[in-house]
Structures are given as C-alpha cells and as structure tokens.
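Below is one structure, written out as structure tokens; the observations come after it.
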Amino acid sequence: MAEQALTGYKKWMEGVGEQGVFFSRFFRNIFTGGFEWSEFVRQCYEIGYKSFMLVGLTSFIMGLVLILQLRPSMVDMGAESMLPKTLAVSFIREMGPVITAIICAGKIASSIGAELGSMKVTEQIDAMEVSGANPMQYLVVTRILATTIMVPILALMGDVIGLFGGFLALNFTDDISFSLYFHKCISSLEFIDFLPALVKTMFFGFAIGFVGCYKGFHSDKGTESVGLAANSAVVTASLWIFVIDAFAVQVTSILFYR
Amino acid sequence: MEEQVKHNGEQKRTPNEVVVDIEHISKSFGDNEVLKDISLKVKRGENVVVLGKSGQGKSVTIQCIVGLLNPDEGVVKVFGDVVADMGDKQLKALRTKVGFLFQSGALYDSMTVRENLEFPLTRVLKMKDKAEIDQRVEEVLEGVGLLDAIDKMPSDLSGGMRKRVGLARTMIVKPEIMLYDEPTTGLDPITSREISELILNMQKKYKTSSIIITHDMECAKITGDRVVIMNDGEYIAEGSFDELQSSDDELVRSFFNETT
Ligand SMILES: Nc1ncnc2c1ncn2[C@@H]1O[C@H](COP(=O)(O)OP(=O)(O)O)[C@@H](O)[C@H]1O
Ligand SMILES: [Mg+2]
C-alpha cells in the first residue's frame, strides 16, 4: 500500500519535472530565431476555424438561457431593468472565458494531443529531430502561441454572441431595442471587467496548448497511446482551466476590488 | 551549406578513416538490459549490414549514433567526436551529416511529398532560393523514380513509395553517413530488391558510409560490404556475406537457413 503510494508520488514528481523541462525548452525556443510564421498563422486559422461555430453556438444558448432563468426572480425583486447588466457582467467576467476555454480544451487540446501523439508514434518527431531540424520550434512553439492568442479572441467573440442571445431572450417578453440593450450592457462594464478576463483567457489558451503539446510529445510509442494522449490532454487541460480560474478570481479581487 | 563544405575540407579523407566508432556500449531500460557490449567500426564508403532477430536492440544502437539515445556505458564517436558530449549546436551539425531512414519512412503526413523534401532544405540547410530548392527536390525524386508523386500526400502512397520518399528526404541533404532501419521490411520481394539496389546506388553516387539493419538476406547480400550478426545484445559474428553463410557456427548459419 504505502509502497504503491510512494511510487505513484514518485511518478507524479517525475511528471512535474518533465513538464518543467518541457516548459523551459518551449520558452528558450521562442527566442532562438527562425520563428515559423507560416505554420503559426496556419495554426491560428485552424484553431479559430475549428472552434468558432461551437463556441458561438454554446455562448448564444448560454446567454439566452441565463436571461430566461434570471428573469422571474429579477422581476420579483423589481430589478428587471438590471437584466442586461447582470448578464453582461457575468458573461464578460466568467461565463464567456470559461465556456470558450472548456470547449477549446475538448476540441483543440485533444486534437493537438492526438496529432503530436501520432507524429510521435510514427516517428515523425524523431525524424525531424534527427534531420537537424527543430520540432520544438516547428510544432510546439507555434501551437502554444497560437492557442494563447486565439482563445482570448474566441472568448471575446463568444461574449458578443452570448450577449446577443440574451437580447433575443429578453425580446421574447419585453420589447427592448437593440441599441438600448447594448448600451445598457456596455455602460455597466468597466475596464477592470475586461482586463482580468483577457489575461485569464490568455492563461487558459496557454494551458490548452501546453498540455496538448506536452501530452502528445511525451506519449508512448504504441498505437493506443495516441488516444490516451488526446484523452488525458482534455482532462488535464480542463482541470487546469478551473484551477487557473480559481486563482484568477483571488488575484483579481486583491488587485481591483479592495 | 558553406559551413558543411568547410568542414569537409578539414577532414582527412584517408581511405581507411573510421567515421563511426562504437566502443563497448551498453544500454538498459529499467530492468531490460538491451545492449550488453557492442563495438563496431564503420569506415568511409563502407556498407555494414547488421543482422539480428527483432527486439535485440538494433534500432537502439543506431539511435545512439545520432544522439536520440545515449549509452549507459561506453562511447560512440562520429568523425572522431564523442556524441554524448556534444552541445546542441554540435549535435545539430552532426545530424546534418548523418541521414537516418526510419522503418516506417516517417513522412510528415500533414505535408505533400514536395513539402516533405523541402523541409530539410529550408529548415536545416537554410536554403532560400526557390529555383535551387525546386531543382534539388526534383533531382532527388527522379533518383528514386517518384517524380510523378511530387504533389501527392503521404497517405496516398503505398508502403514502398513511402520508403522511397523517406529515402529521398534523407538523401536530399547529401549526408556522409546513412543509417537505414529495416529499409525493406514489410515490402514485397520485388520492391525490396528495388530498394536494396537504390541503397547500393546511393552509396556509389554519393560515396556514403552506411549501416543497414535488416532481416532480409537478399538486401544484406546486395548492399553489404561487411555483415555483423547481433544476438542477445552482443555481436556474435562478423565477416563478408559469403563467409558467414558458410560459417561453422550453427546460430550464425541459422540466419541464412531461415529464409532460403
Ligand atoms: N525509448 C525506449 N524506451 C524504453 N525501451 C525501449 C526504447 N527503445 C527500445 N526499447 C526496448 O529495447 C528493446 C530493443 O528494441 P529495438 O532496438 O527497437 O529492437 P530491434 O532490434 O528490433 O530494432 C525492446 O525490448 C524495446 O522495448
Ligand atoms: Mg528496430
């Protein structure tokens, strides 16, 4: 029993160490010159293209549903006019970033994990390394930077679409003009609602790219390990997103709400 | 490119120069003792064939030559320098001079054949001139007889074609040493012979030194100047193909009998 726990602990520590090494290799390779611009742009496009529809649809439905759920109790409190503000604040601060990140964890972390995992299994990564080219630079740096930039952009789009969903839901019962609704949303927001959300989503994006690449790069050389890499990339990335979120809320409240 | 030319100039090109020198290396993975005591010298322009059953550590041996793995004990020297002591820069320079053909071909499957071949030219040799790159790509593809497939994706190619493209991608940087990991395994006899002859042609044309890992006796016979037999993490016999074929040792002879 105790021995088992000990080897489990040792394995875990080794994993942490490996990730540290992977991170420092990633970081060094950003600056070593020969940045792969075309591959980076291709990755940004793929990531945006792959998840835009899903992020949009989910955000739209969440915005719609949130308004429908909130309305009765808000009406009871006589705070019906506060609905746009409530939705805007909750969406920009929390719902938009987390929904987008979770969807990207499922869609992008898994596909990066599977892609790099299968490149590892079929010896493509070894071949790149042995040819004297730099797989870290070509495969990893491009992907991690692409997710770090694209997830915030997707989250911002998700925010707008979610608010639009809320607008439609509000129009089921009330009659509010588009411009008034968005004016109410925007005027209720402050700079400190946007900045932490933006920083947070960049960290989400980084976690998604990093976990996907790490799991793929370090998968074993069996065929079943490709599925394993994809699967554990999703689970780990999702977990990281919630951990980062919990951290972010603490840091934000210390910095801004005191 | 320039750097490479300069380096070659410095090298003494004596006919018996040893380019790869493996000295008593051993390697274990956990409890799995894969290599026990392996020594092998490869001279310039020589083709050495390594025979052995699967799972004997043949692939592990050649991975030590390019620094993908490092031996637990013993040293591997390439062009006189110890591989395990090399820094990133030196290792990269070494890898441009050593070509490695993986068993699967290891083509980058998100790229076309052309892009696969351009990759080492633009990323490793840092070539910029488009016309020069195109010319080099077409020349080497012509050499393996696959010019038609230039714009195909690897998934549209047969196993034999993939190996040939893999060979072309490795040869395109004109390495001085070639390491072939089971170049003919899984191919039909006719394609196997074509690949073996291609290997022989490459040796003649570019004067490369090679280590060829194989189970294929015909491939060994066609390509090998010298044959070594590996068993249980050690080399048990060495000689020309004909010498080993008529060896007194039963274990050695069994390799030849299996397939005939
Ligand atoms: N990177 C590695 N990690 C752990 N074990 C390995 C690794 N590479 C090879 N092995 C083990 O070493 C042994 C020899 O493998 P290999 O050199 O591929 O044999 P072969 O002679 O068929 O090429 C096998 O048992 C394999 O499981
Ligand atoms: Mg092998």
Residue match in region B:74-95 (condition: in contact with a strand residue (DSSP E or B) (Cβ under 7 Å, 6 or more places away or on another chain), within 16 Å of ligand 2 (Cβ to nearest atom) and closer than 19 Å to B:Tyr180 by Cβ): no
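Given the condition within 16 Å of ligand 1 (Cβ to nearest atom) and within 9 Å of chain A (Cβ to nearest Cβ), answer yes or no: does some residue in region B:123-139 qualify?
Keep residues of region B:123-139 that are within 16 Å of ligand 1 (Cβ to nearest atom), which gives none.
No; the residues of region B:123-139 include none that is within 16 Å of ligand 1 (Cβ to nearest atom) and within 9 Å of chain A (Cβ to nearest Cβ).
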Members of region A:73-89 found to be outside any loop (DSSP other than H, G, I, E, B), open to solvent by 40 Å² or more (accessible area, probe 1.4 Å) and among the small types (Gly, Ala, Ser), listed by number: A:Ser73, A:Ser81
Subset of region A:28-72 (residues that are over 21 Å from the mean Cα position of the chain (by Cα), more than 25 Å from A:Gly113 (Cβ to Cβ) and part of a helix (DSSP H, G or I)): A:Phe31, A:Leu64, A:Val65, A:Leu66, A:Ile67, A:Leu68, A:Gln69, A:Leu70, A:Arg71, A:Pro72
Counted residues, region B:37-67 - those being in contact (Cβ under 8 Å) with a residue 12 or more places away in the chain, within 14 Å of ligand 2 (Cβ to nearest atom) and among the small types (Gly, Ala, Ser): 4
Selection from region B:31-56 of residues that are open to solvent by 10 Å² or more (accessible area, probe 1.4 Å), within 13 Å of ligand 1 (Cβ to nearest atom) and either in a strand (DSSP E or B) or at positive phi (or both): B:Asn32, B:Glu33, B:Val34, B:Lys36, B:Gly55
Residues within region A:54-98 that are touching a residue at least 12 places away in the same chain (Cβ under 8 Å) and at positive phi, tallied: 0
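The rows are residues; the columns are (1) within 30 Å of B:Gln103 (Cβ to Cβ); (2) within 10 Å of another protein chain (Cβ to nearest Cβ); (3) of a type in the set (Phe, Trp, Tyr).
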site	(1), (2), (3)
A:Lys107	no, no, no
A:Ile112	yes, no, no
A:Thr122	yes, yes, no
A:Ser131	yes, yes, no
A:Gln137	yes, yes, no
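Filter region B:102-119 down to residues that are facing chain A (nearest Cβ under 9 Å) and either open to solvent by 30 Å² or more (accessible area, probe 1.4 Å) or of a type in the set (A, V, I, L, M, F, W, C) (or both), then give me how many there are. First the steps, then the outcome.
From region B:102-119, those facing chain A (nearest Cβ under 9 Å) are B:102-110, B:119; that's our starting set.
If we keep only those that are either open to solvent by 30 Å² or more (accessible area, probe 1.4 Å) or of a type in the set (A, V, I, L, M, F, W, C) (or both) as well, we get B:102-104, B:106-107, B:109-110, B:119.
Within region B:102-119, residues that are facing chain A (nearest Cβ under 9 Å) and either open to solvent by 30 Å² or more (accessible area, probe 1.4 Å) or of a type in the set (A, V, I, L, M, F, W, C) (or both) number 8.
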Odd one out for A:Arg93, checked against (1) modelled with pLDDT of 95 or more; (2) away from chain B (no Cβ under 14 Å); (3) under 25 Å from A:Ile144 (Cα atoms): (1)
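Hey, which of the strands (runs of 3 or more DSSP E) in region B:206-260, taking only ones fully inside, have at least 2 residues that are at pLDDT 85 or above and crowded, with 18+ Cβ neighbours inside 10 Å? Spell out the reasoning first.
Values: elements: B:209-214, B:226-231, B:234-239.
Strands (runs of 3 or more DSSP E) meeting the threshold: B:209-214, B:226-231.
The values are calculated or read from the model by the stated rules, or taken from the named source; none is laboratory data. These figures come from a predicted structure and were not determined experimentally. Cβ coordinates were reconstructed from backbone atoms using ideal geometry, including for glycine residues, and neighbour counts include every protein chain displayed. Keep in mind that these areas ignore ligands, DNA and RNA; they rest on the heavy atoms of the full protein, side chains included. Shrake-Rupley method; radii C 1.70, N 1.55, O 1.52, S 1.80 Å.
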